[in-house]
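The values are calculated or read from the model by the stated rules, or taken from the named source; none is laboratory data. Since we're looking at a predicted model, the values are computed, not measured. Counting neighbours? That spans all protein chains shown, and the Cβs are built from the backbone with ideal geometry, glycine included. Calculation scope for accessible area: heavy atoms of the full protein, side chains included, ligands and nucleic acids excluded. Shrake-Rupley method; radii C 1.70, N 1.55, O 1.52, S 1.80 Å.
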Protein chains: 2
Amino acid sequence: MNQEKNYRMTHQREMILEVVQKNHSHLTADEIYDRVRKKLPRISMGTVYRNLDILASCGFIKKLQPGYAQMRFDGNTRDHYHVVCMRCGKIGDAQIEPLDNTLENLENALGNLTSYGIFGHNLEFVGLCPNCMELEKDLPDDQQTNQLMMEVTEDGSQRKPN
Amino acid sequence: MNQEKNYRMTHQREMILEVVQKNHSHLTADEIYDRVRKKLPRISMGTVYRNLDILASCGFIKKLQPGYAQMRFDGNTRDHYHVVCMRCGKIGDAQIEPLDNTLENLENALGNLTSYGIFGHNLEFVGLCPNCMELEKDLPDDQQTNQLMMEVTEDGSQRKPN
DNA sequence: TAGGTTATTAGGAATGATTACTATTATAAA
DNA sequence: TTTATAATAGTAATCATTCCTAATAACCTA
Ligand SMILES: [Mn+2]
Ligand SMILES: [Mn+2]
Ligand SMILES: [Zn+2]
Ligand SMILES: [Zn+2]
């Protein structure tokens, strides 16, 4: 599986990888746990987390850690951005091409201005999933999404939803 | 303080705001708690969290919620990006101008492609603070930062640190 | 300036996702 | 096979954040 690390391929690890790869929906650890348990009823949560980390460190899957929402796992390891629902944490793929050039230039520029060593970046879009858009409608004003904005986008940027 | 919400200005709220505004170092809730406690020794953690949320929702401060690190608070409410240390979670300001045009265009483009309602975005740079750069040197290879990369940048982007 | 309404507090308990621990088991190499 | 040790199940621990509630303090109005 990975030469230098002496990893072994166990049934548990195999099933976890399969579940993540067959789901294009950015599952959480407990969703993965539920699905794997159908086949391996005695698997434990610790095993799920440990393997997700290992699989991610080997590059077989990607670990997504949005701010203000729990981590999720992506079987698609190609470079792409995500939209995070600010209410329920659900994650969708952003169907736009990566800004590699722009952002790499930014990283280089920043590297010369800061005392930090720059290794990469994260860009995520913030919004509402279709489901939460619906629910939004019958909420009192003071729980409306614009009240959430400040807490959810780092830059306070706002935009009319489509 | 805020007309529609009937907020009151208490000593606790005042002190918390003052601490956040006088510190340009993106403090965590417990760091703020420690500092406020010098003046108000009986203040409680719940009060700190509640007020930080309220102050952020009023736009007096900004709440930063990087993935994989605890939340921090910024007295500088102008639009700017941040560098997050992937080891200790410390946050520094990125001294580069915001990508407003580029990213607003992206948001608009994305809005037409996804079923999500897009409200904004978060961009953060990931790296090592000066302190952790030092510590890095005498670490065994398998704990070196490149091992952390996959877990920390959503896009797996890599770059030589300066 | 006092009284009344209610936002806010202190203190402590609860939450919940994630991580750590450990005796036992399964994997892969020889 | 035998053997070394990576990995597991089950469970306990962590720890940042949120929740709860009786008591208090801000602010409005008379
Ligand atoms: Mn994806
Ligand atoms: Mn800042
Ligand atoms: Zn949602
Ligand atoms: Zn650091």
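Sort A:E97, A:E14 by heavy-atom solvent-accessible area, probe 1.4 angstrom, most to least.
On the way: A:E97 130, A:E14 95 Å².
Order by accessible area, largest first: A:E97, A:E14.
Remark: for residue pairs A:K5/A:K62; A:K22/A:K62; B:K22/B:K90; B:K63/B:K90; B:K5/B:K90; A:K90/B:K63, the C-alpha separation exceeds 24 Å in B:K5/B:K90. P(r) tail, the stretch B:1-77: Cα-Cα pairs separated by more than 19 Å, 29% of all pairs.
In the context of the full protein assembly, A:T102 retains an accessible surface of approximately 50 Å², using a probe radius of 1.4 Å and ignoring ligands and nucleic acids.
A 1.4 Å probe over all protein chains sorts A:K63, B:K39, B:K5 by accessible area into B:K39, B:K5, A:K63, starting with the largest. Under the simplified labelling scheme, the B:A109-B:T77 pair shows an inter-label distance of 3.2 nm, with each label point 7 Å from Cα along Cα→Cβ.
Put a dot 7 Å past the Cα of B:Q21, heading toward its Cβ, do the same for A:K22, and the two dots end up 5.7 nm apart. When accessible surface is computed with a 1.4 Å probe, chains B and A are found to bury approximately 6400 Å² between them, both chains counted.
Using a 1.4 Å probe on the protein heavy atoms, what percent of the accessible area of the stretch B:1-77 belongs to carbon and sulfur? Carbon and sulfur together cover 44 percent of it. Taken along the Cα-to-beta-carbon direction at a fixed 7 Å, the label points for A:Q70 and B:N6 span 3.6 nm.
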